[in-house]
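Report on the structure given below.
The values are calculated or read from the model by the stated rules, or taken from the named source; none is laboratory data. Quick caveat: nothing in here was measured; it's all calculated off a predicted structure. Neighbour counts run over all protein chains shown; Cβ positions are idealised from the backbone, glycine included.
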Amino acid sequence: MASWSMLTKEEQNRIYEIKSIATEEKNQNITTDEPASIKVGDIVVWDNCYPHLSSWQPFRVQRIEVNGSVKLENVINLIPIEELKLA
């Protein structure tokens, strides 16, 4: 904190202002379809679905792995959660 006290009030205020703007921009990028909102049992659409499985959409989420992969009903492979949207 010693370095903070060496700053002028104007410099400290400018840093607070920059942090505030960055936080607001980050919050504006949050959507309701972000991966964190998907949970087990949800019906989802897979953006990069294999062509031979696309007629089976939408899928139900069976399991969510710690690494962010998702097990979908009737799909053998684990799917990255980023490729899913709530139906």
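Listed by first and then second residue, the pairs linking a residue in the range 44-58 that is in contact (Cβ under 8 Å) with a residue 12 or more places away in the chain and assigned by TED's automatic domain parsing to the domain that holds residue 73 to a residue that is among the polar types (S, T, N, Q) and not in a helix (DSSP H, G or I), with Cβ atoms under 7 Å apart and 6 or more places separating them unless they lie on different chains, are 45/57; 46/57; 56/74.
For the range 9-20, the criterion of being farther than 25 Å from residue 84 by Cβ and either aromatic (Phe, Trp, Tyr) or at pLDDT 90 or above (or both) is met by at least one residue.
One line per residue, one yes/no per condition, for (1) modelled with pLDDT of 95 or more; (2) loosely packed, with under 13 Cβ neighbours inside 10 Å:
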| position | (1), (2) |
| --- | --- |
| 47 | no, yes |
| 51 | no, yes |
| 56 | no, no |
| 62 | yes, no |
| 67 | no, yes |
| 74 | no, yes |
| 77 | no, yes |
| 80 | no, no |
